[in-house]
Amino acid sequence: MIYRTPEYCRDFRCIAGDCRDSCCKGWEIDIDSETAEKYAEIGGEFGERLRRSIKNNSFILTEDERCPFLNTEGLCDIYINLGRESLCCICSEHPRYFEWFGSVKEGGTGLCCEASAELILSRPFTLCEEEVPDEEASGEYDGELFSLLLEAREAMLSAVNDENIHIGRALGQIVDIAEETQQYIESPSALKRKVYYENDTIREIFRCFYELEPIDGSWLPYIKKCEEALISAPPYSEEYTPYIRRIVSYFVFRYVMKSVYDGRILGYTLFTAVSAVFISWLFRCGAEAEKLCSFGECALIAKNYSKETEYCEENMEKLLELFETEPFFATEAIKTVIAKSFGENVGEI
């Protein structure tokens, strides 16, 4: 089996207790059946602690929504007492993600992790492949559609990573590629919106995100504060462009090929384009005293956005439905917002 992944993933390392937003708090942590059986056989006081801390195949979170095994130093007591091999699947794999397409496996590290976000924003996007000898092929799909989507994804990645193509134009190109491919797929939601509102603004995108279920209690107050700052936000800085290109590449790589199973390439691509627009405005609104957001601040913003969207199944599904049905998210409307957001003359926001 071929395993394809962004090259930067080879350098990913969990920063454990140094992480400012641990993946061991604020999330429901499910335990796979194989690990649950192993925990049931652990003896001694620690085994008893394990079993007291599990209900319905999930860890019972503390009142402040921490995993009961996340200690005061931000480290995992299961890892310390039993070793890495005793972690449940979600704990040993996070923030890694995987997709299987017959004899091809693709994967990477998710943007929702602080360490991974810094890797993603700091490295040019390149893919590498290796043979994985001990895995079997899985996933049934239309081979012709797979080839079409792979070609579309390559064209998108080529456009967005070409420094000779302005980032706004590149985003418009990936939307056009997705729209053309969606016409071929002919899914029920494809291209049925022919009219969009002439007065669409970036504020409509902010309002869309207000409708989502917040994962972190500080998220909604933060984006509302950013919306209030829109009118006084500094112009878009080209210094942010490398970060935006890498974020877009991450979303394109991770989501476009999912369309081979659900036919939603246009929805996934609009999610990518809207994410780029929204995150770019968060960068701009986060700047203070005419100073640009630092690299670390940009990585943190991107990480928080990922956590609130793609890492909540309900929120992601709601966004895809909006992108596939709402007039505001018709392709020409989004391309207009892209032009306003990344152009020199932003116009009315």
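The values are calculated or read from the model by the stated rules, or taken from the named source; none is laboratory data. Just so it is clear, the model here is predicted, and its values are computed rather than measured. All Cβ positions, glycine included, derive from the backbone under ideal geometry; neighbour counts span all protein chains shown.
With respect to the stated conditions, Arg193 is surrounded by 15 or more Cβ atoms within 10 Å (Cβ to Cβ), at pLDDT below 90, basic (Lys, Arg) and on the phi < 0 side of the Ramachandran plot. Restricting attention to segment 284-313 and to residues that are under 16 Å from Glu118 (Cβ atoms) and in contact with an Asp or Glu (Cβ under 9 Å, 6 or more places away or on another chain), the residue that is surrounded by the fewest Cβ atoms within 10 Å (Cβ to Cβ) turns out to be Gly296.
Mind telling me which of the residues Glu65, Glu85 ends up being surrounded by fewer than 16 Cβ atoms within 10 Å (Cβ to Cβ), within 27 Å of Lys307 (Cα to Cα) and touching a Gly at 6+ places or on another chain (Cβ under 7 Å)? That would be Glu65, the only listed residue that is surrounded by fewer than 16 Cβ atoms within 10 Å (Cβ to Cβ), within 27 Å of Lys307 (Cα to Cα) and touching a Gly at 6+ places or on another chain (Cβ under 7 Å).
Yes/no per residue for (1) assigned to a helix (DSSP H, G or I); (2) surrounded by fewer than 17 Cβ atoms within 10 Å (Cβ to Cβ); (3) of a type in the set (Gly, Ala, Ser):
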position	(1), (2), (3)
Gly74	no, yes, yes
Ile80	yes, yes, no
Pro133	no, yes, no
Glu144	yes, yes, no
Glu154	yes, yes, no
Asp162	no, yes, no
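The set of residues in segment 323-334 being more than 30 Å from Ala115 (Cβ to Cβ) and crowded, with 18+ Cβ neighbours inside 10 Å consists of Glu324, Phe328, Phe329, Ala330, Thr331, Ala333, Ile334. Once segment 1-40 is narrowed to residues that are of a type in the set (Val, Ile, Thr) and assigned to a strand (DSSP E or B), the residue that is surrounded by the fewest Cβ atoms within 10 Å (Cβ to Cβ) is Ile2. The one condition from (1) of a type in the set (Gly, Ala, Ser); (2) assigned by TED's automatic domain parsing to the domain that holds Glu297; (3) closer than 28 Å to Ala302 by Cα that Ser147 does not meet is (3). If the condition is being closer than 30 Å to Glu45 by Cα and assigned to a helix (DSSP H, G or I), then segment 82-122 contributes Leu82, Arg84, Glu85, Ser86, Cys89, Ile90, Cys91, Ser92, Glu93.
Scanning segment 232-280 for residues that are buried (at least 20 other Cβ atoms within 10 Å of the Cβ), more than 13 Å from the chain's Cα centre (by Cα) and of a type in the set (S, T, N, Q) turns up Ser259, Ser280.
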